[in-house]
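Trainee: The following block contains the structure, expressed as structure tokens.
The values are calculated or read from the model by the stated rules, or taken from the named source; none is laboratory data. Just so we're clear, the structure is a prediction, and the values are computed from it rather than from any experiment. Here the Cβ is made from the backbone with ideal geometry for all residues, glycine too, and neighbour counts use every protein chain on show.
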Amino acid sequence: MKYDAIIFDFDGVLIESEYVGNKQIADYLTRIGHPTSVEESMREFMGLAGRDFLEAIEHWIGRPLPADFHEERRAEDARALAEGVGAVAGAVAFIESLPADLPRAIASSSSPEWIDAHLDHLKLRHHFEGRIFSGRRDVSRGKPAPDIYLHAAAAIGVPIDRLAIIEDSPVGVTGAVASGAFVIGLAAGNHCFDGHGERLKALGAHAIAHSFEGVARLLS
């Protein structure tokens, strides 16, 4: 391996939640009178969390979100937690192929409960136990600030310039590049439409992979 550790984003890198979640947002906004495609939802909102996420949607529609938006999001999250979300193609096999002694971590904007539940669905939690970091819990500034990556690197004891970060969202790539790590922009999920890789490259990703086989080649 060219690098001493790997940090993975979660949604859109390991599980296909970006497409599922953004389709729900697009369908909701269209239904309340603001026609929005899945592609537009991902371009405007992907990778954001908390207040930043809500403000981006309200800016897009030009008014406060109706109260039932939050109810529908909670219902969708509950469904996804109960049923699970499929893995990005090749993700499980890639993680299982990593050397046992290679440090790896997850650095995500999602809640620890969300990450843990989906890792359990995929039977991958043991690969990351004790190295799961959430922007909602572990840092005061979420992505696109680099804080969550710097926190994860310090926690696993690897200098940031010896790390590879795998990210799929513009917000995530922006923060990962700012951290000083080697950044792979992953355009492998169902949410990665034409031009996605080029967009990540324009934001500073050092390399683009369209599959986990491509990730493996970049790291070996």
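Trainee: Here's a check for you: in segment 183-196, which residue that is surrounded by fewer than 20 Cβ atoms within 10 Å (Cβ to Cβ) and not charged (D, E, K, R) is nearest to Phe8 (Cα to Cα)?
Mentor: We begin by selecting, within segment 183-196, every residue surrounded by fewer than 20 Cβ atoms within 10 Å (Cβ to Cβ); these are 190, 193-195.
Going one step further and asking which of them are not charged (D, E, K, R), we end up with 190, 193, 195.
Values: Asn190: 17, Phe193: 21, Gly195: 22 Å.
That would be Asn190.
Trainee: Looking at this structure, is Ala100 part of a helix (DSSP H, G or I) and among the hydrophobic types (A, V, I, L, M, F, W, C)? Walk me through it before giving the result.
Mentor: Numbers: part of a helix (DSSP H, G or I): no; among the hydrophobic types (A, V, I, L, M, F, W, C): yes.
Considered against the rule, which asks whether it is part of a helix (DSSP H, G or I) and among the hydrophobic types (A, V, I, L, M, F, W, C), Ala100 comes out as no.
Trainee: If a residue must be surrounded by fewer than 14 Cβ atoms within 10 Å (Cβ to Cβ) and within 17 Å of the chain's Cα centre (by Cα), how many such residues does segment 201-215 contain?
Mentor: Number of matching residues: 1.
Trainee: When Arg79 is evaluated against the numbered criteria (1) more than 16 Å from the chain's Cα centre (by Cα); (2) modelled with pLDDT under 95; (3) in the same structural domain as Gly214 (by TED's automatic domain parsing), which criterion, by number, is the only one it fails?
Mentor: (3)
Trainee: Is it true that Ala117 is within 25 Å of Asp4 (Cα to Cα) and of a type in the set (Gly, Ala, Ser)?
Mentor: Numbers: within 25 Å of Asp4 (Cα to Cα): no; of a type in the set (Gly, Ala, Ser): yes.
No, not satisfied.
Trainee: Arg74 - would you say it is surrounded by 14 or more Cβ atoms within 10 Å (Cβ to Cβ) and among the basic types (Lys, Arg)?
Mentor: Values: surrounded by 14 or more Cβ atoms within 10 Å (Cβ to Cβ): no; among the basic types (Lys, Arg): yes.
No, not satisfied.
Trainee: Specify which of the listed residues (Gly180, Gly142, Gly130, Gly172) is more than 16 Å from Leu14 (Cβ to Cβ) and under 14 Å from the mean Cα position of the chain (by Cα).
Mentor: Numbers: Gly180 fails: under 14 Å from the mean Cα position of the chain (by Cα); Gly130 fails: under 14 Å from the mean Cα position of the chain (by Cα); Gly172 fails: more than 16 Å from Leu14 (Cβ to Cβ).
Only one candidate qualifies: Gly142.
Trainee: Related question: Those residues that are surrounded by 20 or more Cβ atoms within 10 Å (Cβ to Cβ) and either over 16 Å from the mean Cα position of the chain (by Cα) or over 22 Å from Ala176 (Cα atoms) (or both), I need them from segment 109-118; list them, please.
Mentor: Residue satisfying the conditions is His118 alone.
To keep it simple, each residue is scored yes or no on (1) in a helix (DSSP H, G or I); (2) of a type in the set (Lys, Arg); (3) loosely packed, with under 12 Cβ neighbours inside 10 Å.
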position	(1), (2), (3)
Leu54	yes, no, no
Ile57	yes, no, no
Trp60	yes, no, no
His70	yes, no, yes
Ala78	yes, no, yes
Val85	no, no, no
Ala89	no, no, no
Glu96	yes, no, yes
Ile106	no, no, no
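Trainee: Using the structure shown, decide if Glu39 is at negative phi, part of a helix (DSSP H, G or I) and without any contact (Cβ under 8 Å) to a residue 60 or more places away in the chain. Walk me through it before giving the result.
Mentor: Numbers: at negative phi: yes; part of a helix (DSSP H, G or I): yes; without any contact (Cβ under 8 Å) to a residue 60 or more places away in the chain: no.
Judged against the criteria, Glu39 is not a match.
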